[in-house]
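The values are calculated or read from the model by the stated rules, or taken from the named source; none is laboratory data. Just so it is clear, the model here is predicted, and its values are computed rather than measured. Quick reminder, even Gly has a Cβ in these numbers, built from the backbone with ideal geometry, and neighbours come from all protein chains shown. Surface accessibility is based on the protein's heavy atoms, side chains included, excluding ligands, DNA and RNA. Shrake-Rupley method; radii C 1.70, N 1.55, O 1.52, S 1.80 Å.
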Amino acid sequence: MAAETVDALLQLVPVQRLLVQEAQDRQLQHGVSSFALVVGPVVMLLLFDVPLIEVHRKEGGLFRMSASAHRRTLVRLARPVYLELLAGVAAGIINMVWVARLGGDAVAAVAVATNVENLLLGVVLVAGSGTTVLVARARGAADPGAVRAAVRGGAVLGALLVPPVALGGYLLREPLAALLFGGPDHPAHALATAYFAISLPGTAVFFAMNVLDGILKGAGDTRTPMRLAFLANGLILVLDPLLIHAYGVQGAALATVTGRAVALAAGLLALRRNPLLKAARAARPAERTAAALRRTAVTGLPMGVDFAVRMAGALALVSVVARLGVTEIAAYGIATKAMYVATMAFYAVRQAAAIHSAHLLGAGHDERRAVGRQALLLGGILGTGSAGALFLGAGPVMGAFGADSAVAEAGALFLRCLGPYLLLMAGYIALAGVFEGTGASPYLARITVAGVLVQLPLAYGLSGLGLPGICLAMALAMAAQCAALGLLHRRTLVASQREPDRTFSRSG
């Protein structure tokens, strides 16, 4: 499977060359459509950001937020997260354009290495996401000692994850590159090994940034991580042409690590100035470091598994698409980049829902039903808008990436068929944030595993229909996941009404 996936990725090399040769010629022609696709989700989020009076009603001795107040909070938290994610994707695309000047082997090496980093993100999410939820609960409980314990647990867990990945990865960089490329004789093997020599030790910075972002987001601050992402990716864009010209593929890795290191330094300063965290430093930790570490790991592990399984499923799906031919795999590779611009908005709502629901639960208010409804509303609107934008702008979007006529036609067909999948995915991802924030993320991981196991056989069986068959398989698998999540949501609501959740109340 790994060799097939690498072969599929290598077939995207001609597309990367087209990015360099043709993008400038077609940029003005298709710029409006591409701009609309990128800013569309932001505009839809902004539509909800109107001045609202946050009304709270008292029921059974508890104050409950109004639906509009929940919605406004979700939008306020989600908008910076989306811009943060968008900055990373934009920098990645431009980085690949500069690498493409070094040739097809360099593109293949960096593309495969980037996929390795995406898988490693699933590892550090155990610390980052777990910390976000626990800090948010402690903030809701107004417990500085619990905040300090959650921060300490996340920091220690992140530090423990670094040596196996950074040091182990550096020592095993050559065997890893050989495994990914099917042997040391592949032309891209030496380039990938050189890239790994810098990028894998650099995961220490990557992991630290993720934990730092998790702490700030748990504290209710999603704007600072956005600014740090702008700083890091802006530096990468400046350093890329200089360092790639001087050091080749190693320059690309060095630019990435340097940009992140500067942002990490700025983030540590912001961390010290945060009022909530400043108060927590003066408090006694609510529990010992070992207990806080275990709590962070237990909370974050399902989220890391969920992400890693989705990434593995996406890579496996590339192997299925590769069976259709070079044109289809090239079209799929470009189309998924456009699709990710839309789906990042769904994940932004997911993070916002997790932070908000965890904060409320820490304060003793279980409002998962109300938060879930507003998350679904936002997800549905974003999913519908994204599906419509891709349907209407599919041709210009493919053209903006410099694809030839055959690839553009196949990719446009794929984008136009994505509507049902995007709508279902938007609802699932948005509602999943409520489960993360209220401690039900282990169920999400199981649903994700089942969904991937359903999707791959369906994609294989429906691949005879071409890329529309792949879209159909994705939609059917997502529909099954939505059905499972809906049943789980009803069960958790009934359980929460029968017995209040004491596990996550107050100090978390």
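What to note about this one:
- Which listed residue is outside any helix (DSSP H, G or I) and surrounded by 18 or more Cβ atoms within 10 Å (Cβ to Cβ), from 433, 399, 439, 427: 439
- Residue in the stretch 436-446 that is at pLDDT 90 or above and among the aliphatic types (A, V, I, L, M) present: no
- Any hit, the stretch 353-368, residues being among the polar types (S, T, N, Q) and surrounded by fewer than 24 Cβ atoms within 10 Å (Cβ to Cβ): no
- Cross-chain or 6+ apart pairs with Cβ under 6 Å, the stretch 255-269 first and among the charged types (D, E, K, R), then in a helix (DSSP H, G or I): 260/205; 260/209; 260/232
- Positions within the stretch 315-353 being under 14 Å from the mean Cα position of the chain (by Cα) and among the small types (Gly, Ala, Ser), in sequence order: 342, 345, 348, 352
- Hits in the stretch 261-279 - residues which are under 19 Å from residue 127 (Cα atoms) and more than 25 Å from the chain's Cα centre (by Cα): 277
- Only one entry of 191, 180, 212 meets the criterion of being without any contact (Cβ under 8 Å) to a residue 60 or more places away in the chain and either more than 16 Å from residue 112 (Cβ to Cβ) or buried (at least 22 other Cβ atoms within 10 Å of the Cβ) (or both), and that entry is 212.
- Screening the candidates 313, 325 for the property of being closer than 21 Å to residue 463 by Cα and touching a helix residue (DSSP H, G or I) at 6+ places or on another chain (Cβ under 6 Å) yields one hit, 313.
- Just one residue in the set 382, 392, 376, 317 is in a helix (DSSP H, G or I) and buried (at least 24 other Cβ atoms within 10 Å of the Cβ); that residue is 382.
- Any chance residue 445 is in contact with a Pro (Cβ under 6 Å, 6 or more places away or on another chain), in a helix (DSSP H, G or I) and within 29 Å of residue 360 (Cα to Cα): yes
- Filter result (on the phi < 0 side of the Ramachandran plot, touching a residue at least 40 places away in the same chain (Cβ under 8 Å) and out of contact with any helix residue (DSSP H, G or I) (no Cβ under 6 Å at 6 or more places or on another chain)) within the stretch 445-470: 468
- Residue 198 being part of a helix (DSSP H, G or I), in contact (Cβ under 8 Å) with a residue 12 or more places away in the chain and open to solvent by 40 Å² or more (accessible area, probe 1.4 Å): yes
- Taking the stretch 269-290 as the range and being touching a Ser or Thr at 6+ places or on another chain (Cβ under 9 Å) and part of a loop (DSSP other than H, G, I, E, B) as the test, the residues that pass are 274, 286, 287.
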